[in-house]
Amino acid sequence: MSLVPLDQDGRLWAFNTPHSSYVVGVVVDPATDEAVVLQKYWGANLPPAAAREAAAMPAGPGNTPGAGRHETSFSRPAEIEEVLPVDGGLRWGVPALQVAVDQVRSLELRFVGASAVREGGADRLDITLEDHAFPIEVVLHTRVYADSDAIARWVTVRHRAGKNTAVEVSRLDSGSWFIPDAEDYRYRAVCGAWAEEGQLQQGLLPVGELTFTSRQGITGHHANPWIMIDAADAGEEHGEVWSVALAWGGSWRMTTTRRPEGGTAVTAGFGHDGVRWTLPTGAELVTPAILGLYSANGFGGTSRGWHDHVRRHILPAGDEDRPVLYNSWEATGFAVTEPEQLAFARSASALGAELFVVDDGWFGRRDDERSSLGDWWPHRERFPDGLRGLFDGILALGMRAGLWVEPEGVSPDSELYRAHPDWVIHLENRRRDRKRHQLVLNFARADVHDWALEWLDRLVANLRLDYLKWDMNRPFTQAGSPEPGRSHDGVWIEHTRQVLHVMATLRARHPGLRIEACAGGGGRLDLGILHHTDLAWPSDNTDPVDRQTTQHGVSQLYPANVMSAWVTDSPNANTGRSTPLRYRFHVAMAGVLGIGADMSRWSPEELDEARTLVEQYKTVRHTIQHGRQYRLGGRPGAERSALQYVLGDEVVVLVYNPRGNAKSGPRWLRLTALDPGARYEVAAGGDTDGVPGRLPARSRWHGGTLMAVGIRPVAWEPIGADYRSDLIVLRRTRA
Ligand code: GLA
């Protein structure tokens, strides 16, 4: 059992994952009857007796709410340990729940009860609290899985029927996670920008509040809703790390508080500052999930814990191998025509690509980004006979077929906008500012999301599509939903929910359909969107060196099978940097390999090399996409680095060296997570020139040797050309 009751009264529980325990208890102040739900422990596995002891530990100064004995008049440290600190009572920290009832913004919650529910391979506990005077009920949900170290929590707030009061919610987080006391704390997160997503940042956590947020209505390029915290002592493969991630693709806010008296907590939820939701009588607001994961095995162990959870419990088809894709966006831009796309399809198929995706430019009068979003019928000049010819041609080659769409986007220069100017997110008497010449459709409206579902459904059925690249190129601004009976700010939640609902309905109607999430590159990648999609486009920047940095950031939380990665032309369209085809392939192989180049410009030798590399990827992709990933070596893209994937008996190592003449850094690459006593046979890669540590084909090495001594990849030798790389495959032998 993953959920273990620890007392007779039903007020103390342990949530046990395979490698961690999380202990939560309800504490009632006898003087006021106010209940708080406290996090008593989060760390390595504890047996029930020890968990009980941990929960019974005498509270530190001021840690017993209401006890007042050791409290100073200016602080109440206990609130940092609360599962959902509210705005109300003796609290001065970041409220995870802030509600005004008839303009009174102060909650006083009582404990109502708790109930446990078995959900297949998971256990769920619901703790119900209610305000003693206001018609507000709060349910704290926690789900723990038998086969995952991630624990999911979320909250329901109900405006109970009966009293006619005005309830306004100005912050409703999915929950706060308390990080145990330490001498110091360090955080790790990603930041970035368009074409530079996923840049890892790490630093000491200052005393105070650190907020990452998106006010864009999408996850955003500049931040991603997760954080990892350690006691400034964890490394890639050692040390304790506590991490928290929010499963939401709209606006979000994550605040980490470090208190001067000790104690750190991370609270996060949908919405951002200033946004308020009114809750009519009888209505409820359910948050997305916030997930916490503890690992004793450093940042690498943390990432592998998330990868497993995403593949097992978030992705709708997480166990599949993703096909090798072709997409001509970088080669042709908007200029897609039937003959040229078919020519690309033939050469892509000859290279081994299995899925052909037609990107932007196929609809309305879409010759550039100025028009036609919303007019989702074939471009009459480019496809006078419709798209059937092209898509039949793609299918006839034995490839699967996909299409780019941007269902939430609308161009003011479109028939749709001229017919329905009220369908966009807007505010009365305010400008409708454009970005990328477009506005955003208001999916909170039933007529809008019904319309989207209807044309998408028809398109998928008529063209027998296996794949949609679902883009979103315009953050929200001047956002409101000016229909009678609706609150403006509701659109920040409802739009995202309805986008996910349209995706889920499409998938239910077309079980084979797979969806790539995209928002002008990597603007919409999070655990929420991944519930209904299969992979995401991490960045419009396909330069392999820049991609290494982005992929490194993405890999912190997301597994290789959600990371779409294309080989494009050299010099790169974004950076002008020239790199060898092999290096571009080896970088893209660390995710779901795709090709986005103009192959009509490739030499016969390049085509041959590409064919071989695609073939090789197919032999190892199951291990890359589903195996356990280890990040080895130095800073990816800047110095020698390597990625190792292990699944069953297979070990795949991708080795990179962007700087040929770099003398510093290791020459020996020590592998990890092998069976020390078993022997591994070299199935591919390595080298045969007799240097110790090189790996002649079919030679056999003990796992212990490969880990303790390592190998000497040619690509890592200190003299040579820039951008050297290798793919090494080893298989555990039974002999
Ligand atoms: C976004 C995507 C690109 C491409 C273009 C099409 O920028 O990230 O991959 O699909 O839109 O307009």
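The values are calculated or read from the model by the stated rules, or taken from the named source; none is laboratory data. This one's a predicted model, so the numbers in the text were calculated from it and none came from an experiment. Cβ sites come from the backbone with ideal geometry, for glycine too, and all protein chains shown count toward neighbours.
Worth pointing out:
- Screening region 284-403 for helices (runs of 4 or more DSSP H) wholly inside it with 1 or more residues that are within 16 Å of the ligand (Cβ to nearest atom) returns the ranges 329-332, 338-351.
Residue-wise test of (1) in contact with a Phe, Trp or Tyr (Cβ under 9 Å, 6 or more places away or on another chain); (2) more than 22 Å from residue 465 (Cα to Cα); (3) of a type outside the set (Asp, Glu).
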site: 489; (1), (2), (3): yes, yes, no
site: 496; (1), (2), (3): yes, yes, yes
site: 502; (1), (2), (3): yes, no, yes
site: 526; (1), (2), (3): yes, yes, no
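- Count of region 518-532 residues which are in contact with a strand residue (DSSP E or B) (Cβ under 8 Å, 6 or more places away or on another chain) and either more than 14 Å from the ligand (Cβ to nearest atom) or acidic (Asp, Glu) (or both): 6
- Matching residues in region 470-491 - criterion: being within 16 Å of the ligand (Cβ to nearest atom) and in contact with a helix residue (DSSP H, G or I) (Cβ under 9 Å, 6 or more places away or on another chain): 470, 472
- Within the set 430, 458, the sole residue that is under 30 Å from residue 399 (Cβ atoms) and basic (Lys, Arg) turns out to be 458.
- No other residue among 499, 448 is assigned to a helix (DSSP H, G or I), within 24 Å of residue 194 (Cβ to Cβ), more than 16 Å from the ligand (Cβ to nearest atom) and of a type in the set (A, V, I, L, M) apart from 499.
- Condition met for residue 616 (assigned to a strand (DSSP E or B), polar (S, T, N, Q) and under 21 Å from residue 547 (Cβ atoms)): no
- Selection of region 413-431 for residues being in a loop (DSSP other than H, G, I, E, B) and over 26 Å from residue 537 (Cα atoms) yields 413, 414, 420, 426, 427, 428, 429, 430, 431.
- Flag for residue 542 being crowded, with 21+ Cβ neighbours inside 10 Å, part of a loop (DSSP other than H, G, I, E, B) and away from the ligand (no atom under 13 Å from the Cβ): no
- Residue match in region 554-562 (condition: touching an Asp or Glu at 6+ places or on another chain (Cβ under 6 Å) and closer than 30 Å to residue 636 by Cβ): no
- Of the residues making up region 695-733, those that are in contact (Cβ under 8 Å) with a residue 40 or more places away in the chain and either of a type outside the set (A, V, I, L, M, F, W, C) or closer than 21 Å to residue 638 by Cβ (or both) number 19.
- Hey, residue 682 at pLDDT below 95, over 30 Å from residue 148 (Cα atoms) and surrounded by fewer than 20 Cβ atoms within 10 Å (Cβ to Cβ) or not: no
- Evaluation of residue 582 against (1) surrounded by 15 or more Cβ atoms within 10 Å (Cβ to Cβ); (2) assigned to a loop (DSSP other than H, G, I, E, B) (one fails), failing number: (2)
- Residue in region 562-579 that is in a helix (DSSP H, G or I) and either among the aromatic types (Phe, Trp, Tyr) or within 16 Å of the ligand (Cβ to nearest atom) (or both) present: yes
- Top-ranked residue in region 702-723 [being modelled with pLDDT of 95 or more and not aliphatic (A, V, I, L, M); ranked as nearest to the chain's Cα centre (by Cα)]: 723
- Residue that is under 20 Å from the mean Cα position of the chain (by Cα) and in a loop (DSSP other than H, G, I, E, B), where the choices are 524, 547: 524
- Filter result for residue 504 (over 27 Å from residue 173 (Cα atoms), at pLDDT 95 or above and either within 16 Å of the ligand (Cβ to nearest atom) or outside any loop (DSSP other than H, G, I, E, B) (or both)): no
- Options 419, 446, 396, 401; residue that is without any contact (Cβ under 8 Å) to a residue 12 or more places away in the chain and under 26 Å from residue 348 (Cβ atoms): 396
- Residue within region 421-443 that is buried (at least 18 other Cβ atoms within 10 Å of the Cβ), farther than 16 Å from residue 373 by Cβ and either out of contact with any strand residue (DSSP E or B) (no Cβ under 7 Å at 6 or more places or on another chain) or modelled with pLDDT of 95 or more (or both) present: no
- Taking first residues from region 193-204 that are farther than 17 Å from residue 473 by Cβ and free of Cβ contacts under 8 Å to residues at least 24 places away in the same chain and partners that are buried (at least 16 other Cβ atoms within 10 Å of the Cβ) and of a type in the set (Ser, Thr, Tyr), the Cβ contacts under 9 Å between residues at least 6 apart in sequence or on separate chains come to 201/187; 202/187; 203/187.
- Residue 169 vs. criteria closer than 21 Å to residue 288 by Cα, of a type in the set (Val, Ile, Thr), modelled with pLDDT of 95 or more and over 22 Å from the mean Cα position of the chain (by Cα): yes
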